[in-house]
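Just so you know, all these numbers are worked out from the coordinates, no wet-lab data involved. All values reported here derive from a predicted model rather than from experimental measurement. For neighbour counting, all protein chains shown are included, and Cβ atoms are generated from backbone atoms with ideal geometry for every residue, glycine included.
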Amino acid sequence: MKAPQFYIALALGTLCLILSITTIVLGKNNNNLQRLVQAQQEEINRGNMSLQIRQNLLNDMAQMSLKNEKIKQILSNNGWTVSANPPGAPASTPASTPTTTTPAQ
């Protein structure tokens, strides 16, 4: 092997080594970022679940407040108003229809 061929092979080998190390480092960084994103997504999912639980709880309390004035007072004290019929619904709908809770303005 002549000197120019040796130096070309050495340069290519060094380039391959540098690229391999770069690939390993970037792969590890990518894994760390994926873990962070996954943790954030889990936090978002927990928040969404909390909102669903909150809404279901409010709906159940609103239904109970039609029969229990104390529950209606608790909801009112916390800024929620309860109506037997949704706004804009015909007045002839039965009281067993789902009630709506809206924050008091």
> When ranked by the protection proxy of mean other Cβ atoms within 10 Å per residue, highest first, what sequence do the peptides 76-85, 15-24 form?
Replying inline: 76-85, 15-24
>> If I take R0 = 35 Å and measure r between the Cβ atoms of Asn32 and Leu10 in this structure, what FRET efficiency does the formula 1/(1 + (r/R0)^6) give, to the nearest 0.05?
In response: 0.55
> From the backbone phi of region 18-33, what are the Karplus-calculated ³J(HN,Hα) couplings (6.51 cos²θ - 1.76 cosθ + 1.60, θ = phi - 60°) in whole Hz, Gly and Pro given as x?
Replying inline: 4, 5, 5, 5, 4, 4, 5, 5, 5, x, 5, 4, 4, 4, 5, 5
> Simple spin-label model, 7 Å along Cα-to-Cβ: Asn68 to Ile53 in nm?
Replying inline: 2.0 nm
